[in-house]
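Encoded as structure tokens, the structure appears first; notes follow it.
Bear in mind these aren't lab numbers, they're just calculated from the coordinates by the rules spelled out. Values in this document were obtained by computation on a predicted structure and should not be read as measured data.
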Amino acid sequence: MVEEKMGGCWSQTKDQFDNLEKHTQWGIDFVEKYTKFVKERSEIELNYARQIRNLSKKYQPKKKEEDENKYTWCRAFHSTLNELNDYAGQHEVIAENMTSQIIAELSRYTQELKTERKTHFHDGRKAQQQVEASWKQLEACKRKFERDCKEADRAQQYFEKLDADINVTKADVEKARQQAQMRHQMASDSKSEYSSYLQKFNQEQNEHYYTIIPSIFQKIQVMEEKRIDRVGDSLKTFAEVDRQILPIIGKCLDGITQAAESIESKTDSSQVIESYKSGFEPPGDVEFEDYGQAMKRTVSETSLTNSRSDIKSERSSKSKSKTLWPFIKKNKLSLKLGSNPEDFSNLPPEQRRKKLQAKIDDINKDIQKEMDQRDALTKMKEVYVKNPQMGDPTSVDPRLAEIAQNIEKLQAEAQKFEGWLAEVEGRMPVKSDLQRRTSALYETQNSTPPTNNNCAQDRESPDGSYTDEQSSEVQTKAQPEPPEFDEFDDADEEILSTIGTCKALYPFEGHNEGTISVTEGELLYVIEEDKGDGWTRVRRNEEEEGYVPTSYVEVFLDSNAKGAITYI
């Protein structure tokens with residue numbers, strides 16, 4: 001009957017109490033285990049987001065690759081990298097939400113759960129101890145009642161024995177009778193005490209099993225159900241955290257798709273044409289050179305002179321055809337050098353024009369910034385003049401002077417680039433890069449630059465600048481082909497013998513391939529004279545040789561050298 005009221009789970013109180021204690025502890029361990037699982041998932045999301053961000057940053061265009069943005073496929077890739085960066089940000093959001101909505105909440109709830117569980121089981125143990133103490137007291141009363149009853153029986157038997165014996169005195173019989181009565185009284189008192197404790201124990205036991213323990217177990221059951229519900233809510237939150245970012249991730253993926261669909265192959269092809277269009281005219285037909293005509297002529301002074309004139313004309317024609325077309329071997333020099341002259345003379349006309357125009361635009365922007373700063377400082381100075389208490393008007397004068405100098409420098413630089421742009425666009429006569437550099441050098445030295453009448457401007461300087469102007473000067477003797485700087489790459493080239501010496505009149509820094517640096521006053525050996533292109537090939541020792549501008553040196557050819565001339 002008692003088991004039916006309490007239910008099967010309470011039939012063995014002590015055993016069920018211990019089992020429930022183990023079960024609830026296992027439930028708390030599960031919550032802690034799940035919290036650790038979510039924490040590790042959050043760390044994975046953070047590491048994944050960090051790796052995605054690093055990957056996106058790694059492939060972001062560098063400053064030197066900014067020209068890639070003019071192609072649609074490059075812009076699409078850069079947009080993909082940006083979308084991927086946003087994609088990584090959403091995984092960081094997952095980690096943050098899991099930390100705040102699950103990990104932090106479960107950690108706090110676990111501590112509360114441990115405290116509540118400890119309180120409930122402490123109350124249960126206390127109630128159990130009270131029942132056990134009442135039971136022990138009842139057993140003690142029971143044993144005392146049993147002992148007193150036995151003593152009363154023995155005292156009664158002893159009294160009856162003495163009362164039947166005629167040899168015993170009346171006093172002894174009376175004494176035994178009184179002793180028996182006392183024992184019966186003690187047994188009666190023990191019986192009353194035992195009955196009272198028994199009633200009390202049954203009442204306490206009934207209250208324990210029907211009131212106290214069910215109430216404690218009910219609280220434990222509510223606690224356990226809340227724990228289970230909290231685990232379920234955490235699992236839902238775990239899924240919702242992912243579901244919340246899905247729309248944004250979908251937008252990121254849509255952005256990547258739109259970037260891919262924005263690629264236009266025709267536009268990129270047109271951009272390639274626009275980027276690499278040189279502005280050169282294709283070369284004309286190569287004329288047939290009949291070397292047999294000179295053999296048929298009669299050898300005379302007139303024929304020799306005509307032959308030399310024809311040879312010179314042929315050489316000039318050949319030189320002109322070379323300077324018109326950018327794919328000649330010699331014009332590849334600037335590409336191999338990797339040098340970037342300030343005036344972009346290493347580029348074809350069309351590309352040079354674009355670079356110069358872009359440089360002018362940048363300088364104009366800097367000028368506008370400086371002018372804006374100047375205007376702002378001027379207004380500030382006016383305010384200081386009207387209200388001296390706000391500041392000293394003279395305090396902004398140094399900055400205004402500095403800005404004025406900056407504007408003047410930028411305007412001079414803009415004028416310089418506009419002059420080069422005018423050259424490219426044909427608004428002023430074309431000068432070679434060497435002449436510009438030499439003129440600037442001599443102007444700073446306040447001296448007249450040395451000239452060389454044998455220098456022809458229809459040649460190409462070692463820095464790769466393009467010129468197509470033909471010299472009208474007639475040389476007394478047909479000159480060999482201009483020096484091919486790529487010959488220095490030939491390991492099998494024969495070592496040329498010296499044909500004279502020279503003295504450097506000015507310092508020259510040979511930055512370009514095929515040239516050699518010299519200092520003022522340095523003596524060098526001449527191994528190849530000026531062939532009309534303004535360059536002389538010299539040698540410092542057996543391993544160092546190269547070209548220097550003829551106008552920079554004073555040449556002394558040996559007397560037995562062909563066409564010995566001294567350049568001053």
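Between the stretch 168-215 and the stretch 223-277, the C-alpha centres lie 85 angstrom from each other.
Full extension of the chain between residue 404 and residue 248 yields a length gain of 51.0 nm, computed as 0.36 nm times the residue separation minus the alpha carbon distance.
In order along the stretch 541-548, the phi-based Karplus estimate (6.51 cos²θ - 1.76 cosθ + 1.60, θ = phi - 60°) of 3J(HN,Hα) comes to 8, 5, 10, 10, 8, x, 9, 10 Hz; Gly and Pro are listed as x.
Structure shown: which of 277/365; 62/354; 369/416; 136/200; 70/416 lie over 24 Å apart, alpha-carbon to alpha-carbon? Beyond 24 Å: 277/365; 70/416.
Please work out whether the stretch 69-150 counts as rounded, prolate or oblate from its C-alpha gyration tensor, where a ≥ b ≥ c are the square roots of the eigenvalues and a/c under 1.5 means rounded, while otherwise a/b larger than b/c means prolate and anything else oblate? Prolate is the answer for the stretch 69-150, as a/c is 1.5 or above and a/b outweighs b/c. Annotation: amide H of residue 500 within the under-5 Å range of 526, 558, sequence separation 5 or more or interchain, hydrogens built in the peptide plane.
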